1. Residue by residue, what Karplus-based ³J(HN,Hα) values in Hz, rounded to whole numbers, does the stretch 127-138 have, using 6.51, -1.76 and 1.60 with θ = phi - 60° and x for Gly and Pro?
2. To the nearest 0.05, what FRET efficiency results for Arg102 and Val192 with a Förster distance of 25 Å applied to their C-beta separation?
3. For Lys86, Lys114, Lys173, give me the order by solvent-accessible area with a 1.4 Å probe, most accessible first, ignoring ligands, DNA and RNA.
4. If you take the square roots of the eigenvalues of the alpha-carbon gyration tensor of the stretch 1-114 and sort them as a ≥ b ≥ c, do you get rounded (a/c under 1.5), prolate (a/b over b/c) or oblate?
5. In whole Hz, what ³J(HN,Hα) sequence does the stretch 75-83 give by Karplus (6.51, -1.76, 1.60; θ = phi - 60°), x for Gly and Pro?
6. Roughly how many Å² of His40 are accessible to a 1.4 Å probe, to the nearest 10?
7. Give the ranking of Thr75, Thr165 by solvent-accessible surface, highest area first, calculated with a 1.4 Å probe.
8. With 24 Å as the limit, write out which pairs from Lys111/Lys223; Lys86/Lys111; Lys124/Lys223 have Cα-Cα distances beyond it, or answer none.
Amino acid sequence: MPGSRKSRRTPPPARADVESLVFRWGAQIDPALLDLALTHRSWAHENGGLPTNERLEFLGDSVLSIVVTENLYRTHPDAPEGQLAKMRAATVSEPALAAVARDLGVGEFIKLGKGEALSGGRRKDSILADTVEALIGAAYLTHGLEPTREVVTRLVSRFLSAAPTRGAGLDWKTSLQELTAAHHLGSPSYEVVGEGPDHRRVFTATALVDGRALGRGTGSSKKTAEHDAAEAAYAELLARHGDGGLDLPGVNEALRADLGLPGAPGADPGLPDPGAGPRTGPGRPGAGNVLHAASDRSGADPDPRP
């Protein structure tokens, strides 16, 4: 029926009861700034080139960064600059902010253009994360830094708590490079191939260490595929050669979380520490076997070194 076809092509409008969003946010925001923070460029373009939330997003990004950076600096007094940077990146990452947006139900309130709304824009991590930053900017202009700090700290508290582990897992390529350097294997490299049509392309990356494939990963982007390949290669190299005497806070914890090893919620306590070397016994597979299983699924080549 013509009417039903039209209804399927007309996205629902943004919710107008923004008071419920403000309640979840936990602090009042100037109404004009709130409206601007929820205005995506696609809606602004379709309505005569109105102002968008991008300037507020720019401001909110800086406010978020200073709040998170100071919190991490004070909470982890012994962490080196590089580790703090990884923890901050994990806390303010697009997936983390998108999760905050979903907790608050932000997507329902974003004013999107018809095409963006029909393509699932209210569920896109990038749009959700950008809108959270815009809301932070609006809150800052309304109240200043200290009240906004309280709101931001509450909203990202779970990511601040998990920052040491998430920070390591966020940057497996760097962690792999540090581990290969410790074992004098040179810098890892990556080979990436893509398959499928442009709108559904799948990339497969192979992490090469000392000329041999140690891990493979797949994803909808080259970055994601390389990240997964680096993690698989890190697991394989750790199983074969150990940690090389490195002190990389959070890295092995992140690996345990991804592979279900000890130290991760719900992990089997019978599994050994991945850095402890092979240990066998009834019901206790060797760490090397566990990590080899993970990297074997990614197609690791035979050991590059005796």
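The values are calculated or read from the model by the stated rules, or taken from the named source; none is laboratory data. These numbers were taken from a predicted model, which means no experiment stands behind them. For neighbour counting, all protein chains shown are included, and Cβ atoms are generated from backbone atoms with ideal geometry for every residue, glycine included. These area figures cover heavy atoms from the full protein model, side chains too; ligands, DNA and RNA do not enter into them. Shrake-Rupley method; radii C 1.70, N 1.55, O 1.52, S 1.80 Å.
1. The phi angles translate into 5, 5, 5, 4, 5, 4, 4, 5, 5, 4, x, 5 Hz.
2. Details: r = 30 Å, r/R0 = 1.21.
According to the calculation, E is roughly 0.25.
3. Numbers: Lys86 30, Lys114 105, Lys173 75 Å².
Most to least solvent-accessible, the answer reads Lys114, Lys173, Lys86.
4. Details: a/c = 2.46, a/b = 2.24, b/c = 1.10.
Note, shape of the stretch 1-114 comes out prolate.
5. 7, 10, x, 9, 6, x, 4, x, 5
6. 20 Å²
7. Values: Thr75 80, Thr165 50 Å².
Putting Thr75, Thr165 in descending order of accessible area: Thr75, Thr165.
8. Details: Lys111/Lys223 30 Å; Lys86/Lys111 33 Å; Lys124/Lys223 18 Å.
Among Lys111/Lys223; Lys86/Lys111; Lys124/Lys223, the Cα-Cα distance tops 24 Å for Lys111/Lys223; Lys86/Lys111.
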